[in-house]
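Contents: one structure, followed by commentary.
Nothing in this text is a laboratory measurement; each read-out follows from the coordinates by a stated rule. Note that the structure is a prediction, hence the values are computed from the model and not measured. Every residue, glycine as well, gets a Cβ built from its backbone with ideal geometry; the counts of neighbours run over all protein chains shown.
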Amino acid sequence: MVHLASVPNDKAANAPLVKGMENLKLEPNNGEDEVTASVYGSRFAAECLPMHEMPENEMPKEIAYRMIRDDLSLDGNPMLNLASFVTTYMEEEVEKLMAEALPKNFIDYEEYPQTADIQNRCVSMIARMFNAPTHDEDENAMGTSTVGSSEAIMLGTLAMKKRWQNKRKAAGKDYSKPNIVMNSAVQVCWEKAARYFEVDERYVFCTEDRYVIDPAEAVNLVDENTIGICAIIGTTYTGEYEDVKAINDLLVEKNIDCPIHVDAASGGFVAPFVVPNLPWDFRLEKVISINVSGHKYGLVYPGVGWVVWRSPEYLPKELVFNINYLGADQASFTLNFSKGASQVIGQYYQMIRLGKHGYRSIMLNLTRTSDYLASALENLGFLIMSKKGGEGLPLVAFRLNPKDQHHFDEFAVAHHLRERGWVVPAYTMAPHSDKLKLMRVVVREDFSRARCDTLIADIKLAMESLKQMDKSTVEHHTKHVNKHHTSSGKSKVNNEHYKGEKHSLQGKTGKTHAVC
């Protein structure tokens, strides 16, 4: 998900970083240091990097590389970013393969037929991992790679809507008011899918002690205009697996013709290896499509996702375009066209390099580490909101115990950890949970037990420091951090024109969307 950038006007673009510097005159450069033995002896080291308009002239490649590299060094360390599910480690061999594939346009099947076949192999492996019905000669599952789970969810929503519309048209009924049922803790891409494709949202709201969808309430929200129910395998806040089987069984029991799309963005590469007997996938008859993010626990750098349909019945023909482009006939169902081949090749490498045993070993190790961290935080007085023992994703969601009556909140703890380099986010929970606050640590492949111990020590230090501060000092520090939330003060991510919207769950309720 990319933020919407605002193009500054000339006055803002030319404003000095520090007021009063407008008329400063430095000794002019006469060009004698255009090329030197050192990057930092060149004139470029004494000039601002272009920010708003492309420069007239070139700069040497070594200097461009070093200037940008230095600029990026101000970013955080990805390995200490415990907010994100996104993969931050891959082996050197696969990095070489992915780099070699950078010039390949994945959509050009004629020129790169082997790359296209590698995608097909990945789709087949993933469909079988999700127990697609491959034994029936009259059925065949199908799927495609996407740019992350956001595109996959868009495609899944489109397919459900079009199938519903076709059935309504055939019956001579109104097809203008589709709706979709989902948990209010969904990732924001579900809100986008509903809004962009004009589908009404019907939410099953969380409570103070339930953070997943209630199956009975979800089924009760279904009517003749419902295109489907979204169930999540690994919610972004607490990592819990929603009870897909209970939803499926209620639909069957009540003879309701409503499909289920499973958003397994985070859990699709975890559940099959940690809890293989948990029924949530194509083993359930009402599950007709599943998405998963390869760049999360699929262990590939961003961004690659996958979506699989049980059979052609659930992917209407009119959404698929048979085209002849760049020399080959191809069937296409995507929201974009050109894209790089690197991530698909990276996914194939991981699946054949690790195999089921390798994925199982990694996911079980992550589960052990998350359980260890949860136990340590419990002993420090935190309340644990996530599941242990593999019943959810390998993450730890936790909050301060209100009984301790701290004069600081979870956001203050997060700010202190940021000063030590850690990104451990705090969130306001989904609506109807009494504005519950929580923190979340995502345990990824490169989060070792040793690094976990360092985090625990820094959490202890943060708590001790906050306890020694009085309430007014904590509040002042929090306000200061919120006002100056970027490290340099130069980057303004939020577009002022769109502040204060009231159409999203965040705008309506104050819910903060958890980072994926």
Extension gain ALA171-ASP209, at 0.36 nm per residue separation less the Cα-Cα distance, in nm? 9.4 nm
Which one is right for this structure if log10 I(q)/I(0) by the Debye sum over Cα atoms at q = 0.07, 0.12, 0.13 Å⁻¹ is calculated from it: (i) -0.45, -1.24, -1.39; (ii) -0.39, -1.07, -1.22; (iii) -0.48, -1.11, -1.23? (i)
Inter-label distance, nm, simple model (7 Å from Cα along the C-beta direction), LEU72/THR478: 3.6 nm
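Once R0 is set to 45 Å, what does the formula 1/(1 + (r/R0)^6) return for the Cβ-Cβ distance between SER332 and LYS19, expressed as a FRET efficiency to the nearest 0.05?
0.25
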By the mean-Cβ-within-10 Å protection proxy, highest first, 102-110, 470-478 rank as 102-110, 470-478
I'd like to compare 262-272, 456-466, 278-288, 163-173: which one has the highest average count of other Cβ atoms within 10 Å, and what's the full order after that? 262-272, 278-288, 456-466, 163-173
Hits in the range 62-80: amide N under 15 Å from the 7 Å Cα→Cβ extension of ARG451, namely 76-80
Could you calculate the FRET efficiency of ASN120 with VAL7 from 1/(1 + (r/R0)^6), where r is the beta carbon distance between them and R0 is 41 Å, rounded to 0.05? 0.50
Say each of GLU53 and VAL39 gets a label point 7 Å from the Cα, pointing the same way as Cα to Cβ; how far apart are those two points in nm? 2.7 nm
Under the rule rounded for a/c under 1.5, else prolate if a/b exceeds b/c, else oblate, using alpha carbon gyration tensor axes a ≥ b ≥ c, the range 328-444 is classed as prolate
Alpha-carbon centroids, the range 335-375 and the range 101-141: separation in whole Å: 18 Å
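How large is the helix-only mean residue ellipticity at 222 nm for the chain, computed as the sum of -39500 (n - 2.57) over DSSP H runs with n ≥ 4, divided by its residue count, in deg cm²/dmol to the nearest 500?
About -11000 deg cm²/dmol.
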Using a simple spin-label model with points 7 Å from Cα along the Cα→Cβ vector, what separation in nm is obtained for GLU92 and GLU318? 5.5 nm
Rounded to the nearest 0.05, what FRET efficiency do LYS471 and ILE384 give with R0 = 25 Å and r taken as the Cβ-Cβ distance? Could you check? 0.45
Separation of the range 238-264 and the range 391-465 by C-alpha centroid, Å? 31 Å
Relative contact order for the chain: what is it in percent, counting Cα pairs under 8 Å that are at least 6 residues apart? 19 percent
